[in-house]
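Q: For reference, the structure I am asking about is given below.
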Amino acid sequence: MKTIDRAIFKPRVFSLIKRIFLIVSGCLVLVQAVYAEHIEIDHLLQEVQQVLKGENKLHSEREARFKSNVAQQKQLFAEAKVQLNAQRQLSDKLQARFDENEKLLTELQTTLNERQGELGEVFGMVRQVAADLKSDLATSLISAQFPGRAESLQQFASGETVITAQELRQLWFLIQQEMTESGKVSRFKRDVLVGSELTSQAPVTRIGTFNLLDQNGLYLQFLPEDEQVIDYPKQPASGYVGMADDFVNTSEQITDLGVDPTRGGILNMLTKTPDEAERLLQGGVVGYIIIALGLIGLGLVIYRFFALHRIHSRTSWQLEHIGDPSDDNPLGRVLRTAQKERHADTEAMELIVDEAVTKEIPFIERTHAFIKLLAGVAPLLGLFGTVTGMIETFQAISLYGTGDPKLMAGGISQALITTQLGLMVAIPLLFLHSFLTSRSKNIIQVLDEQSAGLLVESLENNRS
């Protein structure tokens, strides 16, 4: 009984000792963590105290400096008050003088109006004429030859001063100058901006108030904003440029010239008008395909024209030398085939000759079917381009509306240009195909006639 109790007691003692050890170990770890945290908090507290001591010391120094400068600040404040009073007194004096000047100006204006009398209306009309003339001179091509004319009328047209006799003479001179120079063809030199290069003292020809030309007959434009003469990014058609070149370099008294009476309006439209190359580019990808097919068809037509011409020449020679057949022409080959089989009967000879003629026909009519196909496909591609262009036009309308026609111009241009290109390719190819077909049929007809002659000769030989 005692042995059993000891056996049960020993494990319980060991388990109790183990639990006590774990509890003691945990308490030691907790005490160590609390101690470490306590040390860190103390260190942080010490740092805060040091910072506060530094800030207090800094505030004390600032306060001491401020107290030491109180006398200086008072002196500056007193000086500022003195300056303020002086400025107020000066402002009062200036305001009083301004009021006196306003009163004097009103009296003088009244006196001026009384003395002008009816001349006031005349002066008003003169100022109006000067203002209108100023705007005309600023945009006139004559100012390219005589720059700075409009600036002389700036003060005169403003109405701030009394019009003098000298100013009236200047106004009369400018009006007379504009009238006289507008009917002249004048040549002078001045700076011209061509592209990005400035040509100094370049010869310029002015045709009244209509156009400016350089020494090469190219049209120039005048920019009123900075009174600068520049060339157009694109010149009008070559016919107009050619006439301008002849006009500049001619020694005759009278010659032809394209003149723009709108002072640049028509010329600007002509420079923006697309030429033939630009029109072709408006066709887009479909237009390029049509042009490529047209060039291919034209190349085949030229090739077949010379080939049929050679065949026709050799066949004509063979007709003159019917007894000496050659292999370099269709008729000669048919004759040589007939000579090899000359002992055959009439029916066999007929089959042999027909077979020989049939072999020559594809060589004579080579590429004719393809040329006809190109002539039929070209207008269909033009129709396809028309549909594509109209789709783009309606898409632009759906997105931006119909307020700006330029947004629809691209699609409409593509639609019309592709249709035009398709017809331009199809119509000539149809005529050329008909011409080639006629030439080939003439050669085939010669072969048929000679084949019939061979059959007749074979029949006569068999009868004999």
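Q: Got a number for carbon plus sulfur as a percent of segment 229-323's accessible area, 1.4 Å probe? Before the final figure, lay out the partial values.
A: Values: 3680 of 5880 Å².
With neighbouring chains kept in place, the figure for segment 229-323 is 63 percent.
Q: In the neighborhood of V70, defined by Cβ-to-Cβ distances under 14 Å, what is the net charge if each Lys or Arg adds +1 and each Asp or Glu adds -1?
A: On the way: positive: R62, R65, K67, K74; negative: E63.
So the environment of V70 carries a net charge of +3.
Q: Sticking with this one: Carbon-plus-sulfur fraction of the accessible area of segment 161-217, 1.4 Å probe, in percent? Please report the intermediate quantities before stating the final value.
A: Details: 1870 of 3290 Å².
Carbon and sulfur: 57 percent of the exposed surface of segment 161-217.
Q: Any chance you could run the full-extension gain for I391 through S438? It's 0.36 nm times the residue separation minus the Cα-Cα distance, nm to one decimal. If you can, show how the numbers build up before the last one.
A: On the way: separation 47, 0.36 × 47 = 16.92 nm, distance 4.20 nm.
Extending this stretch completely gives an extra 12.7 nm.
Q: Also: Which links in K340/K441; K134/K234; K57/K81; K184/K234 stretch past 32 Å when you go from one Cα to the other?
A: On the way: K340/K441 26 Å; K134/K234 30 Å; K57/K81 35 Å; K184/K234 27 Å.
Beyond 32 Å between Cα atoms: K57/K81.
Q: Determine how many Å³ per residue the convex hull of the Cα atoms of segment 210-299 encloses. Could you put the intermediate results ahead of the total?
A: Values: hull volume 12.9 nm³, N = 90.
In segment 210-299, the Cα hull volume divided by residue count equals 143 Å³.
Q: Given R₀ = 51 Å, what would the calculated FRET efficiency be for M125 paired with M269, taking r from the Cβ atoms and rounding to 0.05?
A: Details: r = 37 Å, r/R0 = 0.73.
Here the calculated transfer efficiency is 0.85.
Q: Just order 125-135, 59-69 by mean Cβ neighbour count inside 10 Å, highest at the front, would you?
A: Numbers: 125-135: 15.8, 59-69: 9.7.
Put in order of decreasing packing, that is 125-135, 59-69.
Q: Please compute the length gained on full extension between R169 and A71, using 0.36 nm multiplied by the number of residues separating them and subtracting their Cα-Cα distance.
A: Working: separation 98, 0.36 × 98 = 35.28 nm, distance 7.15 nm.
The span from R169 to A71 would gain 28.1 nm if fully extended.
The values are calculated or read from the model by the stated rules, or taken from the named source; none is laboratory data. Note that the structure is a prediction, hence the values are computed from the model and not measured. Here Cβ is always computed from backbone atoms with ideal geometry, including for glycine, and neighbour counts include all displayed protein chains. SASA here: full protein model, heavy atoms, side chains in, ligands and nucleic acids out. Shrake-Rupley method; radii C 1.70, N 1.55, O 1.52, S 1.80 Å.
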